[in-house]
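Participant: Before we start, here is the structure in question, set down as structure tokens.
The values are calculated or read from the model by the stated rules, or taken from the named source; none is laboratory data. None of these values were measured; they are calculated from a predicted model. When we count neighbours, we look across all protein chains shown, and the Cβ atoms used for this are built from the backbone with ideal geometry, even at glycine. These accessible areas exclude ligands, DNA and RNA; they are computed on the full protein's heavy atoms, side chains included. Shrake-Rupley method; radii C 1.70, N 1.55, O 1.52, S 1.80 Å.
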Amino acid sequence: MDSRYVGDNHEPKSGQNGLVTKREIKSEGDPLDGGRRMGAVGLFCKQENELYLSFRLLSGCRPDFFRRVDAWDGEGLGSGMSKQSVYTHNYYLTIIVYVFRCFTITKLNGFRNTQREWFMVFGKTFRKGVHILTQRFSKRFSTRFKKEANGIDKFETELTTLHPILTKCCVIKSDLELALIQFSNDISSEAHVEVMRKVRAGMKEYQLESMFLHHTYMYGGCRHCSYTCICATGGNSVVLHYGHAAAPNDRTFEDGNMALLDMGAEYNFYGSDITCSFPVNGKFTPDQLLIYNAVLDAHDAVISMMKPGVSWLDMHKLAEKIILESLRGGGVLVGNVDDMMAERVGAIFMPHGLGHLLGLDTHDPGGYTKGMQRPKEPGLKSLRTTRELQAGMVITVEPSCYFIDDLLVPAMESSNTTEFFNREVIARFKGFGGVRIESDLAWLILVKLLFPMNQLSRWTCFLEGKKWLPYKILPFLF
């Protein structure tokens, strides 16, 4: 179950119909503390689209409400049990009633007339499996719910309090959450290796996507991916979110192309996010090797510096600097790297942020807490978080280097940055695309160890010729 709630007397369990997590929603300084809203009720949805979760704050009373079920949904899910019994068993519920009776039940369970606030989650994107009352969705959801829930007009609907609190709960992962994310990474790592073993020049990009989806579903039970698979080859790899409907992984790639595969399986709502870049023929050219090693050096340097208390903004700048130094060493750039950093040349080659929080959503919430400001500078403004790292966070590390004409041409013509570019060398990279290497990292609290959750060898000696180490031993090589 992808919901968080208070008042649960059961230990967290997994492996039934999702994940049950035990997480205290109230913390010091939260607007719900102190008992001032003892009778308040929180409401949000779980994975079944007809089931809503409610809890009585601070009291532990947690009724659940579900919609009338259409005939084709089944009544007992083939188990011989009623649907109420199935939900009670799977989610450890104490009360389960139809939505149209929820306010009667609420009143019978001790809510006084002076305590009629109905809390609902309202905000920007939150996470998969939870219906959020966004501007686009709120009217349709509330209209449907009001039709079914007689008596809601007698309650005040509060839309602002729960979202930041639940977002805060998502940032630090429990052991069970880490286990699910680890499983997603394990099966995704296997699938990436399987794809790289089978790739051949002349194939279609969607064939690589198909192989990945088959492996994660066949051997991991992962019915869904965390996001649309990105299988970009050649010049397509400069499109950051390639693979959507307007660019559907349909190119036939050729011998000598680089492939950039960004794919991650999802298991019980918890995702992974892994990117591998490699030559489709298994052999790096000198130019491909230059760019790949520039990104790999940045990737490894960031991981070596990560620990609780480190600024993610500083990690992004570190990755930029290492990539710029490598490009200067390869003759792509000339001049002083510190001057390049001051002019934000790094953002021309890596226009996106270094990484993002990962969990129930690919881009998990909590990257910017209340009062935090996004940077304004190119590249830095794309960071999905600038927080200091904390134990229990799961975050991606995904440095990159792209050759994007729309960014390179203006920079080479600008009086502020033209001196840094070796035009003759850069011309060799026209149509090259780009390289991105992405890993998922978690700082494990008990052992105080930064653990690479996706277990793939990034070294060129293993990529070339498709010779692989057993993926289970790879964490010890970082």
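Participant: Is segment 188-201 home to any residue that is among the hydrophobic types (A, V, I, L, M, F, W, C), assigned to a helix (DSSP H, G or I) and under 18 Å from His244 (Cβ atoms)?
Facilitator: Checking segment 188-201: not a single residue is among the hydrophobic types (A, V, I, L, M, F, W, C), assigned to a helix (DSSP H, G or I) and under 18 Å from His244 (Cβ atoms).
Participant: Run down Thr216, Thr228, Thr252 and say which single residue is under 23 Å from the mean Cα position of the chain (by Cα) and over 25 Å from His352 (Cα atoms).
Facilitator: The conditions single out Thr216.
Participant: Please go through segment 369-382 and pick out each residue that is assigned to a loop (DSSP other than H, G, I, E, B) and either of a type in the set (A, V, I, L, M, F, W, C) or open to solvent by 10 Å² or more (accessible area, probe 1.4 Å) (or both).
Facilitator: Thr369, Lys370, Gly371, Met372, Gln373, Arg374, Pro375, Lys376, Glu377, Pro378
Participant: Moving on. Does segment 383-427 hold any residues that are of a type in the set (D, E, K, R) and part of a helix (DSSP H, G or I), and which are they?
Facilitator: Asp405, Asp406, Glu413, Glu419, Arg423, Glu424
Participant: One residue is enough: does segment 398-413 have a residue meeting the conditions without any contact (Cβ under 8 Å) to a residue 60 or more places away in the chain and of a type in the set (Val, Ile, Thr)?
Facilitator: For segment 398-413, residues without any contact (Cβ under 8 Å) to a residue 60 or more places away in the chain and of a type in the set (Val, Ile, Thr): present.
Participant: Can you tell me which residue is modelled with the highest pLDDT among those in segment 152-208 that are open to solvent by less than 20 Å² (accessible area, probe 1.4 Å) and over 24 Å from the mean Cα position of the chain (by Cα)?
Facilitator: If we take residues in segment 152-208 being open to solvent by less than 20 Å² (accessible area, probe 1.4 Å) and over 24 Å from the mean Cα position of the chain (by Cα), then Val199 is modelled with the highest pLDDT.
Participant: Continuing with the same structure: Can you tell me which residue among Gly353, Gly330, Gly366, Gly392 is open to solvent by less than 40 Å² (accessible area, probe 1.4 Å), of a type outside the set (S, T, N, Q) and within 17 Å of Glu438 (Cα to Cα)?
Facilitator: One residue alone meets the criteria, Gly353.
Participant: Ser304 fails exactly one of the following numbered conditions: (1) in contact with a helix residue (DSSP H, G or I) (Cβ under 7 Å, 6 or more places away or on another chain); (2) over 17 Å from Glu209 (Cβ atoms); (3) not in a loop (DSSP other than H, G, I, E, B). What is the number of that condition?
Facilitator: (1)
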